[in-house]
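Take a look at the structure set out below.
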Amino acid sequence: MIIMQKPEKREQNRRSSKGNQLKFEREGIWYKADYTGYEGLAEYVVSHLLSCSTLNENEFVLYEPEEIAYRETVFNGCKSRDFTGGWQLITLERLFMQRYGKGLNSILYSIPDHTQRLKTMAECVENLTGISGFGIHLAKMLTVDTLFLNEDRHTHNIAVMTNDRQEYRLCPIFDNGASLLADTTIDYPLGADGLALMKKARPKTFCEDFEEQADIAEQLYGETIHFRFGYREVKSIVDRAEMYGEEVRQRVIDLVMSRRQTYRYLFRE
């Protein structure tokens, strides 16, 4: 457990449809407290399963579970190292607003065709930043979101890195706390059938269906990521987060294994 003080609390600079988690920073480590359910567990599990993928270690942020004491309350949550390395994180929404006075989200949703939305998104970012291969990076992110049901990926939390010379580079995949039906307060209460609840989850990036999202990303950019994990690896990872109750941990295991079965073509034995 880590005890946090008010000066270490950090204000939110990105929007989330799931509300605002308490965030803290101490000596280059960021801490996020759970807000609507088991976001910290979701962050931790997804990131460690990405370690069992074809992504390089610099392509995603690795999280660890942590108990966070603040004022009179102890929160479950997670922690991660500062990955910016002296660069500044800027969301796509903010980037486009600064440059054009118009957010990327409004541009995307003015386009009726979903495939064209994703293509336009990638091309606009590449043209604005000079980052080559942003479409492939985006397709990897969307495949991860589809596999793990991250329903809070949008232009306010897709980001690139920039510096004082206005140079840009890719940002690692982060912010997976809305994955795996983590919102138990409102949308996905414990005690309900988690596998049935999966049908309610919707993405927010450029369409409202996870299967369609994955299909479009693959049509445009091919299969960009593959995984190697099974039940043994999932259970081992989940069970290390001992501060979460058995019911929560078992639900996460069941959800991951169900998604693995649905998207088994993404796995290499």
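In the set (1) closer than 30 Å to GLU57 by Cβ; (2) buried (at least 16 other Cβ atoms within 10 Å of the Cβ), the condition left unmet by SER258 is number (2).
Filtering segment 163-219 to residues that are over 23 Å from GLN116 (Cα atoms) and of a type in the set (S, T, N, Q) leaves ASN163, GLN166, ASN176, SER179, THR184, THR185. All of LEU118, LEU142, LEU104 fail the test of being surrounded by 22 or more Cβ atoms within 10 Å (Cβ to Cβ), in the same structural domain as CYS171 (by TED's automatic domain parsing) and either of a type in the set (Asp, Glu) or within 18 Å of LEU55 (Cβ to Cβ) (or both), apart from LEU142. Answer yes if at least one residue in segment 1-19 is in a loop (DSSP other than H, G, I, E, B), at pLDDT below 95, under 18 Å from ARG240 (Cα atoms) and out of contact with any Phe, Trp or Tyr (no Cβ under 8 Å at 6 or more places or on another chain), and no otherwise. Yes, there is a match, as at least one residue in segment 1-19 is in a loop (DSSP other than H, G, I, E, B), at pLDDT below 95, under 18 Å from ARG240 (Cα atoms) and out of contact with any Phe, Trp or Tyr (no Cβ under 8 Å at 6 or more places or on another chain). Taken over segment 235-269, the residue count meeting the criterion of being at pLDDT 95 or above, within 18 Å of THR146 (Cα to Cα) and not small (Gly, Ala, Ser) is 16.
Restricting segment 217-235 to residues that are assigned to a helix (DSSP H, G or I) and of a type in the set (A, V, I, L, M, F, W, C), which is surrounded by the most Cβ atoms within 10 Å (Cβ to Cβ)? Steps first, answer last, please.
The initial filter retains those residues of segment 217-235 that are assigned to a helix (DSSP H, G or I), namely 217-221, 231-235.
Of the ones still in play, those that are also of a type in the set (A, V, I, L, M, F, W, C) are 217, 220, 234.
Values: ALA217: 27, LEU220: 16, VAL234: 21.
Once the filter is applied, the top-ranked residue is ALA217.
Residues checked against (1) over 15 Å from ARG153 (Cβ atoms); (2) of a type in the set (Gly, Ala, Ser); (3) not assigned by TED's automatic domain parsing to the domain that holds THR146:
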{"position": "TYR168", "(1), (2), (3)": "yes, no, no"}
{"position": "THR185", "(1), (2), (3)": "yes, no, no"}
{"position": "PRO203", "(1), (2), (3)": "no, no, no"}
{"position": "TYR244", "(1), (2), (3)": "yes, no, yes"}
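Taken as a whole, the condition of being out of contact with any Ser or Thr (no Cβ under 9 Å at 6 or more places or on another chain), of a type in the set (Phe, Trp, Tyr) and either over 23 Å from ALA178 (Cα atoms) or not assigned by TED's automatic domain parsing to the domain that holds LEU180 (or both) does not apply to TYR38. ALA214 meets each of the listed conditions (1) in contact (Cβ under 8 Å) with a residue 40 or more places away in the chain; (2) exposed (fewer than 13 other Cβ atoms within 10 Å of the Cβ) apart from (2).
Which of the residues spanning segment 188-202 are without any contact (Cβ under 8 Å) to a residue 60 or more places away in the chain and either touching a helix residue (DSSP H, G or I) at 6+ places or on another chain (Cβ under 7 Å) or among the aliphatic types (A, V, I, L, M) (or both)? Lay out the reasoning, then the answer.
Just the residues of segment 188-202 that are without any contact (Cβ under 8 Å) to a residue 60 or more places away in the chain, to begin with: 189, 191-193, 196-197, 199-202.
Residues satisfying the conditions are ALA192, ALA196, LEU197, ALA201.
The values are calculated or read from the model by the stated rules, or taken from the named source; none is laboratory data. If you're wondering where the values come from, they're calculated on a predicted model, not measured in any experiment. Positions of Cβ are backbone-derived with ideal geometry, glycine not excepted, and every protein chain shown enters the neighbour counts.
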